[in-house]
Amino acid sequence: MFTKILIANRGEIAVRIMKTCARLGIRTVAVYSEIDARSLHVQCADEAFLLGPARASESYLVKEKLIDIAKSSGAQAVHPGYGFLSENADFARMVAEAGLVFIGPPAEAIVKLGDKIASKVLAEKAGVSVVPGRIGAVRDADEAIAIANEIGFPVLLKPAAGGGGKGMRIVFEPEQMAPALQSCIQETRKAFDDNQIFIERYIEKPRHIEMQIFADRYGNVVHIGERECSIQRRYQKIIEESPSVAVSEELRERMGQMACSLAREAGYTNAGTVEFIMDPDGAVYFLEMNTRLQVEHPVTEMVSGLDLVELQLKIAYGEPLPLQQADIKLTGHAIEARICAEDPGRNFLPATGMITRYAAPRGRNARVDSGVEAGSLVGVYYDSLLAKVICWGTNREEACNTLVDALNGYHIEGVTTNVDFVNRILTHPEFVAGNLTTGFISQHFEGDRARLPANDDCLRRMAAVAALLYDARQRSVRESLKPMAAHVGPGIKPKIWNEYRTKSGDDSFPVRVQGNTETRNWIVWVEDHPYQIVTPEFEFYRRRIRLSINGRKQRFRLQFDGSHLTRVAFCGILREFEIYSPKEWALTRFMPKPETKSKDNAMVCPMPGLVVDVLVKPGDRVYKGQELVIVESMKMESGVASPCDGEVLNVMVEKGNPVDTGDILITFVK
Ligand code: ADP
């Protein structure tokens, strides 16, 4: 086996690869950019070398530097992780030419499969069903319309060089074709420096299902079951699971064979993923093959008991696959949630900053692959994935409940994340029922809010916990005053119960808390629902608490603000509860409402990032909603739109400037 390898990546995947290396006694060499100098992957490695400035094009993507470091550090192989250079055939070739081993497929296979048109040709040859469409680049809109008429609208325009869903456009009718094709080409040129676009039928309400395969140098190919990755936002996966409720034993076998024969046809070795799309009737069609380890590989590891990075290392070293298809047994169910630095409440804008507190969930059947810890800096330069939480159960329901509970206890402060948003998906009744499609989020969510009213039982549990902790704090204050009270006046008689009113938005509940801090057994009535709660020995200002409610252990995240405000996060619901005594509650209707001020003669930057373009100059007339400045953050470009109609007075930024949330970009005269 290799004795030392270089990991040409960062974040959670670099850390994850290092874990397997440490277990196998392989030394690891990390590489990092200037802003990553103190990051977790650098600390986890045996050695670490600086690549260059923060921008990936000057650090993680500089092939020559990576190879130089690998050679001079005595590494025998390079693991590219995912993203960055993982699917770059030139890099794979250069690594091999430098006498090192690329832990991935041969460069030729990456080339063949990296182009979506070429890979569709290959798939057809291997007997794999492909999405109906024209296998070849389109010349112009007229030809595109003719093809679309043949295969039937709606159709999808796709860049051959695609990735990350970039450039794709759905076209529902002929009139939309020309503008859609033009913008698809524009985006493709920019993102991939290519202009080949092809057309396939747009499958409505599909599921995304992919097969994990492994191939060695000796012609052995196996598959390790499927992953369903239908829960996506803007073509980016958020939740993945294995197995899929939509895949029968027979279909698994058939998809597995298709995936393996495509790998054989392509002369593939190492880990690969063959992606399929499934229509509502259960027919599956090949989409593309990803020639690397996938972000979502841990769900496969949890149901198969295999370490996919270990298999990658063995195959790259030249060993034969240590198992045959018949040895692969899949047990139970695993689900993964991707935790990203983004603000779901503000249209999922990227979030940055320093993680000031960090407490990852622990527990049986819960795994956290994280690239961050307290003190980590989350910048604008790389993608927003911070960590993944993966949970296993004997069945889907158990895996899902374990994951929800893990996320209830995942506390990250300093940087806004999507923890509660993903939990909202996992607790949505349609998700629980397994009714998944790639349109799940747009169908069931409005922005970050589920279209359903919040679950009443969840809300009452949250109100019960908020009131209980408030009550316990009040009791402890009274306890501490007791000795003093004995001197200055009549003693405070302990009451058997205390009554409160909790208010969260439009929901307000009467709550009665009964019990005491010594036995830690409580009955909390919310309206006329009793909850029997057993608390641990708690401090009253904890940020996470695990307690038993009606016999079930549940976690809550809490934040106290002032004396009677408590923020509670539970099962994807995030609420602020105001807690009043009955007397205070009676007075609240006389309190004035706070006023909100607007700042609409200025355009404020909604997120941190780098200005990549300024589209106006002083004196220009603009209208409300017009994009005036383009800001790039975490590999995504977003236009910042004018808040008003008016004339540009001043442009406060220029191309290349770093900007932060709240910075004024442009001012107007109205
Ligand atoms: P990329 O390489 O850019 O990620 P993929 O071909 O893997 O592109 O597709 C990404 C996602 O786009 C899929 O998971 C699916 O949600 C959607 N998609 C792709 N092709 C189709 C299609 N023909 N019909 C409907 N949805 C599609």
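The values are calculated or read from the model by the stated rules, or taken from the named source; none is laboratory data. What you see is a predicted model, and the numbers here were worked out from it, not measured in a lab. So basically every Cβ, Gly included, is an ideal-geometry build from the backbone, and we count neighbours across all protein chains shown.
Among the conditions (1) in contact with a Pro (Cβ under 7 Å, 6 or more places away or on another chain); (2) of a type outside the set (S, T, N, Q); (3) more than 15 Å from the ligand (Cβ to nearest atom); (4) on the phi > 0 side of the Ramachandran plot, the only one that LYS205 does not satisfy is (3). Comparison of ALA70, ALA123 shows that the only residue that is outside the structural domain of ALA8 (by TED's automatic domain parsing), more than 17 Å from GLY11 (Cβ to Cβ), in contact (Cβ under 8 Å) with a residue 60 or more places away in the chain and of a type in the set (Gly, Ala, Ser) is ALA123. Evaluating TYR285 against the criteria (1) surrounded by fewer than 19 Cβ atoms within 10 Å (Cβ to Cβ); (2) within 16 Å of the ligand (Cβ to nearest atom); (3) on the phi < 0 side of the Ramachandran plot leaves one unmet condition, (1).
Looking only at the range 119-139, decide whether some residue is modelled with pLDDT under 95, more than 9 Å from the ligand (Cβ to nearest atom), among the charged types (D, E, K, R) and in a strand (DSSP E or B). Among the residues of the range 119-139, at least one is modelled with pLDDT under 95, more than 9 Å from the ligand (Cβ to nearest atom), among the charged types (D, E, K, R) and in a strand (DSSP E or B), which makes the answer yes.
Residues checked against (1) farther than 30 Å from PHE440 by Cβ; (2) touching a strand residue (DSSP E or B) at 6+ places or on another chain (Cβ under 9 Å); (3) surrounded by 15 or more Cβ atoms within 10 Å (Cβ to Cβ):
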| residue | (1), (2), (3) |
| --- | --- |
| VAL101 | yes, yes, yes |
| PRO105 | yes, yes, yes |
| ILE110 | yes, no, yes |
| LEU122 | yes, yes, yes |
| ARG134 | no, yes, yes |
| ASP140 | yes, no, no |
| GLY152 | no, yes, no |
| ILE199 | no, yes, yes |
| ILE203 | no, yes, yes |
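To keep it simple, each residue is scored yes or no on (1) in contact with a strand residue (DSSP E or B) (Cβ under 8 Å, 6 or more places away or on another chain); (2) not polar (S, T, N, Q).
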| position | (1), (2) |
| --- | --- |
| ILE390 | yes, yes |
| THR394 | yes, no |
| TYR410 | yes, yes |
| ASN435 | no, no |
| GLY447 | no, yes |
| ASP456 | no, yes |
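Taken over the range 211-248, residues that are within 9 Å of the ligand (Cβ to nearest atom) and either part of a strand (DSSP E or B) or buried (at least 21 other Cβ atoms within 10 Å of the Cβ) (or both) amount to 5. Of GLU310, GLU275, GLU253, all but one fail to be within 16 Å of the ligand (Cβ to nearest atom) and either more than 26 Å from ALA96 (Cα to Cα) or under 28 Å from the mean Cα position of the chain (by Cα) (or both); the exception is GLU275. I'd like to know if the range 433-442 contains one or more residues that are of a type in the set (Gly, Ala, Ser), under 27 Å from the mean Cα position of the chain (by Cα) and part of a helix (DSSP H, G or I). Within the range 433-442, one or more residues are of a type in the set (Gly, Ala, Ser), under 27 Å from the mean Cα position of the chain (by Cα) and part of a helix (DSSP H, G or I). Note on the range 102-117: residues that are in a helix (DSSP H, G or I) and touching a residue at least 24 places away in the same chain (Cβ under 8 Å) total 8.
To keep it simple, each residue is scored yes or no on (1) charged (D, E, K, R); (2) at negative phi; (3) part of a strand (DSSP E or B); (4) loosely packed, with under 14 Cβ neighbours inside 10 Å.
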{"site": "ARG512", "(1), (2), (3), (4)": "yes, yes, yes, no"}
{"site": "GLU518", "(1), (2), (3), (4)": "yes, yes, no, yes"}
{"site": "TYR531", "(1), (2), (3), (4)": "no, yes, yes, no"}
{"site": "GLU537", "(1), (2), (3), (4)": "yes, yes, no, yes"}
{"site": "TYR541", "(1), (2), (3), (4)": "no, yes, no, yes"}
{"site": "SER548", "(1), (2), (3), (4)": "no, yes, yes, no"}
{"site": "LEU558", "(1), (2), (3), (4)": "no, yes, yes, no"}
{"site": "VAL568", "(1), (2), (3), (4)": "no, yes, yes, no"}
{"site": "PHE577", "(1), (2), (3), (4)": "no, yes, yes, no"}
